[in-house]
Each structure stands twice: as structure tokens, then as C-alpha cells.
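Engineer: Let me give you the structure first, and then I'll get to my questions.
The values are calculated or read from the model by the stated rules, or taken from the named source; none is laboratory data. The model shown is predicted, which means the values in this text are computed figures rather than measured ones. Note that we place each Cβ from the backbone using ideal geometry, even for glycine, and neighbour counts take in every protein chain shown. In case anyone asks, the SASA skips ligands and DNA or RNA and just uses the protein heavy atoms, side chains included. Shrake-Rupley method; radii C 1.70, N 1.55, O 1.52, S 1.80 Å.
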Amino acid sequence: MSDDPTGLGHALIKESLQELMSTAFGGWTPDDGCADAEVTAVEERLGISLPDALRDYYAAAGRHPELMGMGGHEHTLRVMVPEQLRVEDGHLVFCGENRWPAQWSVRPDDADFSDPRVHGRSEPGGKWYSECRRLSSFLINVAGRQAVRSLPHQATCRIREQQLGVVESLLSYVGSREMQKGGDWLSFVDPSRRMLASYSYNTGTLRVAAVDHTALASLHERSGLPLKPA
């Protein structure tokens, strides 16, 4: 039985990603994503059906260099394009770090494979560990982090988790907070000001980025957060 009682799961990922991409890059077109035929060809090669959450990511952003982590910016993660997907030790490996050997995967035998639990390991060939987050949550946060790193004007600060209410009052969650539960990061968006933000629970770091530097100055003034140029 699924432990996603909201039923939100993967269903809203594509729309959320399109909003994020429009905010960061000024628009979204079908060319940013993979065609159904590309994904079907990979499924035939692997002999499995891809999770719906991963299908949605590919449909929205599978050919977008920034969200896939191949845009030349300081992206920490790289999502594998469909033709690079592979199954190792019973795990479908779909993401890795750009500068380090860590990898993430899902298990095709997961009972909730439309939106399965994510597994991670520190290096190829290492032991896999199950994480709390679902694939939909992981992918939303990957997209948020990648997009933030892509924007020209950035600022950061350290805040406690208890201070997130200030951020929540001024920016919206990508999708919703419920969709992002279980992960190490949170992603925020403000389409009207073309501004994004990403928060790391592990480091307590909030990174905010915008197309126009005045949006960051306005957020600093309105929030009182100790934002400094990154």
C-alpha cells in the first residue's frame, strides 16, 4: 500500500516543472522534453516500464541542459538522459553527482513503482540505502536546485528550519510542500518576480536566485533575511 495518502504523487510534476522552467528560462516548449517514442524505446531496451514520475520529468525537461545538469553551470547533479539509463543490481540508476561518485536509483520491483522510494549510494558498486523521499519529491528538488544555479543573480544565507515561515510567506513551494516531503531540500518559486529558492536541511542554507537583481534586493528588504550575494 502506498504511504502517499494525498494522492498527489507524480500527477502534478509536469505542470510544476513547466511553471518552474517558465519562471527561470522565460518559457517552456515541447522541445524541452523527450518525445514519448524516446522513452518507449528505452523501456523496450531495458525490459521494464519507467516510473510515471520519471516519465513526467523527461516529458517536461528531458532535453533541457540546465535541468538535466549539463548546462555548464555549477550543477551538483546530473539526471541521466533516457538512452543512458541502466539497471544495476536490481536498481534503475537515473541520477548521479557531477563531481562525486554518488548515485541514486529506484527499484523496478517496488510495489509503488509509479512513484517509488529513492535509493542512494556513495559510489558505483557500493551498497544501496533506501531514502524517505519518493521519486516525485526527489525530481522536483533536483529541478529546483538546478534552476537556481542557472540564474544570473544569486544570494545565500543560513537560516534555521524555524525561520522557513518567512520564506513561505513570500514564495510558493514548487508544486506543494506535501509533494516535497521526505527529502533533504525544499524548492520555492515566485513566477511574478522570476525568482527561485532552494533550502538545504543538511546545511541550513537558503539559496535564492533571480533573473533581475532587483528581485533579490526586494526579497532582502521584505523578509529581513541576511542574504548576501553568492
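Engineer: When the helices in the chain are scored as -39500 (n - 2.57) per DSSP H run of 4 or longer and the sum is shared across all residues, what 222 nm value do you end up with, to the nearest 500 deg cm²/dmol?
Structural biologist: Rounded to the nearest 500, the figure is -9000 deg cm²/dmol.
Engineer: Separate question: Apply 1/(1 + (r/R0)^6) to the Cβ-Cβ distance of Y129 and T203, taking R0 = 30 Å, and write down the FRET efficiency to the nearest 0.05.
Structural biologist: 0.90
Engineer: A further question on this structure: Using θ = phi - 60° and the Karplus relation 6.51 cos²θ - 1.76 cosθ + 1.60, list the HN-Hα couplings for the stretch 114-129 in order, rounded to whole Hz, with x at every Gly or Pro.
Structural biologist: 5, 8, x, 6, 8, 10, x, 8, 7, 6, x, x, x, 7, 7, 10
Engineer: Here's a follow-up. What is the sum of charges around Q18, taking Lys and Arg as +1, Asp and Glu as -1, for the other residues whose C-beta is under 12 Å from the C-beta of Q18?
Structural biologist: -3
Engineer: Right, here's the next one. If you build a Gaussian network model of the chain, linking Cα atoms that sit under 10 Å apart, which residue out of R177, R207, R117 swings the most?
Structural biologist: R177
Engineer: How much accessible area does S49 have with a 1.4 Å probe, in Å² rounded to the nearest 10?
Structural biologist: 80 Å²
Engineer: Membrane-span-like helices in the chain: DSSP H runs reaching 20 Å or more (Cα, own axis), mean Kyte hydropathy at least 0.0?
Structural biologist: 135-150
Engineer: Compute a Gaussian network model of the chain, connecting alpha carbons closer than 10 Å, and tell me which residue from T156, T205, T214 fluctuates the most.
Structural biologist: Result: T214 has the largest fluctuation of those listed.
Engineer: What's the extension gain from E178 to W100 if we count 0.36 nm per residue and subtract their Cα-Cα distance?
Structural biologist: That pair, E178 and W100, stretches by 25.1 nm at full extension.
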